[in-house]
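Read the structure below first, then the notes.
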């Protein structure tokens, strides 16, 4: 799911609050092409059997299309605790 403008502002605000200057680790580009919310299933040797997953913000570099993932909870994009805290 693509992030809306309010969610993108939260992501940018989180980067600023952490003192992070966004740069692609592959090509050094500072621009993203897309920001979306994805879910990463927890792996325990049996795919998708645990039912546990972590919402992630995926950023794509606009130059080399490298995908970067960040936990969505600390950024304020989703509510709730990580599955290991429940």
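No lab work stands behind these numbers, since they all come straight from the coordinates. Note that the coordinates shown come from a computational prediction; the quantities given were computed from them, not determined experimentally. Neighbour counts are summed over all protein chains in view; Cβ atoms, including those assigned to glycine, are modelled from backbone coordinates with ideal geometry.
Sorted from longest to shortest, the spans of the Cα atoms of segment 5-78 along the three principal axes equal 37, 26, 21 Å.
When you count the other C-beta atoms within 10 angstrom of each residue and take the mean per peptide, 33-45, 52-64 line up highest first as 52-64, 33-45.
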